[in-house]
Amino acid sequence: MPNNLKADAEVIISSALGGNPYVGVPRILPTILPVNLIERESGVQPPRFVFRRVGDDIYTLTINGLQVAELEGKLFAVVEGNAQEWVVRYRENHDAYTIVKRLDSPEEIGWIAPIDDDSEQIGVGPLIVGRSFPPFYPPQELYRFEFPE
């Protein structure tokens with residue numbers, strides 16, 4: 001998967017975890033929705049996000065017209081509030097992307113797929129970066145994008 005991120009186009013996001021579950025929101029529409037991993041099932045349409053470019057690797061994301069934002073260490077789609085800015089970087093050695101909060105520091109606080117608990121909700125926290133060159137990221141911190149025709 002080359003570094004082919006497209007702004008202002010629908011994108012399907014999946015985790016690099018086994019089974020490549022989709023990232024999305026439940027199909028009910030309150031004013032705040034958790035952003036979860038969703039198992040791939042035959043006949044089920046994957047959720048679609050839209051990236052809006054703010055800067056070089058900086059984007060805001062929406063899903064179903066809702067802003068994607070971090071609240072208390074979890075990822076949500078929200079009706080109200082300011083757009084959260086995300087730094088989306090292609091990690092060539094993984095053929096996948098990391099998605100981290102835009103910060104004024106070098107720390108990477110980003111999307112983390114759940115692996116150890118009963119929750120399917122995407123967390124937002126410090127990324128674990130392996131000391132290597134290029135840096136190593138575990139699969140729960142990596143995401144892949146598909147751009148439907």
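Among all residue pairs at least 6 apart or on different chains, which show Cβ distances below 7 Å where the first residue, located in the range 91-119, is in contact (Cβ under 8 Å) with a residue 24 or more places away in the chain and under 15 Å from Phe145 (Cα atoms) and the second is part of a strand (DSSP E or B) and charged (D, E, K, R)?
Close Cβ pairs (under 7 Å, with a partner that is part of a strand (DSSP E or B) and charged (D, E, K, R)) amount to Ala96/Arg144; Tyr97/Arg89; Tyr97/Arg91; Thr98/Arg89; Thr98/Arg91.
Within the range 34-72, which residues are on the phi > 0 side of the Ramachandran plot and modelled with pLDDT of 95 or more? If you could, list the steps in order and put the result at the bottom.
Of all residues in the range 34-72, those on the phi > 0 side of the Ramachandran plot come to 43, 64-65, 72.
Within the range 34-72, no residue meets the criteria.
From the residues in the range 82-110 that are of a type in the set (A, V, I, L, M, F, W, C) and out of contact with any Asp or Glu (no Cβ under 7 Å at 6 or more places or on another chain), which one is nearest to Val23 (Cα to Cα)? Write out each step before concluding.
Of all residues in the range 82-110, those of a type in the set (A, V, I, L, M, F, W, C) come to 83, 86-88, 96, 99-100, 103, 109.
So of that shortlist, the ones also out of contact with any Asp or Glu (no Cβ under 7 Å at 6 or more places or on another chain) come out as 83, 86, 96, 99, 103, 109.
Numbers: Ala83: 19, Trp86: 16, Ala96: 14, Ile99: 12, Leu103: 23, Ile109: 18 Å.
Here the residue is Ile99.
Please specify each residue of the range 21-79 satisfying the condition of being among the aliphatic types (A, V, I, L, M), within 22 Å of Phe147 (Cβ to Cβ) and without any contact (Cβ under 8 Å) to a residue 12 or more places away in the chain.
Of the residues in the range 21-79, the ones among the aliphatic types (A, V, I, L, M) are 23, 25, 28-29, 32-33, 35, 37-38, 44, 50, 54, 58, 61, 63, 66, 68-69, 71, 75, 77-79.
Then drop every residue that is not within 22 Å of Phe147 (Cβ to Cβ), which leaves 23, 25, 35, 37-38, 44, 50, 54, 58, 61, 63, 66, 68, 75, 77.
Correct list: Val44 only.
Looking at the range 116-149, which of the residues that are farther than 15 Å from Gly24 by Cβ and among the β-branched types (Val, Ile, Thr) is modelled with the lowest pLDDT? Lay out the reasoning, then the answer.
So in the range 116-149, the residues farther than 15 Å from Gly24 by Cβ come out as 116-118, 123-142, 147, 149.
Okay, now just the ones that are also among the β-branched types (Val, Ile, Thr), so 124, 128-129.
Details: Val124: 97, Ile128: 90, Val129: 85.
Looking at residues that are farther than 15 Å from Gly24 by Cβ and among the β-branched types (Val, Ile, Thr), I get Val129.
For Glu146, are the conditions met, namely being of a type outside the set (Lys, Arg), on the phi < 0 side of the Ramachandran plot and under 14 Å from the mean Cα position of the chain (by Cα)? Before you say what the answer is, go through the steps one by one.
Numbers: of a type outside the set (Lys, Arg): yes; on the phi < 0 side of the Ramachandran plot: yes; under 14 Å from the mean Cα position of the chain (by Cα): yes.
When the stated conditions are applied, Glu146 passes them.
Working only within the range 120-145, note down all residues that are farther than 20 Å from Leu5 by Cβ, in contact (Cβ under 8 Å) with a residue 24 or more places away in the chain and of a type in the set (D, E, K, R).
Glu120
The values are calculated or read from the model by the stated rules, or taken from the named source; none is laboratory data. Note that the structure is a prediction, hence the values are computed from the model and not measured. Methodologically, a virtual Cβ is constructed for each residue, glycine included, from the backbone with ideal geometry; neighbour enumeration extends over all protein chains shown.
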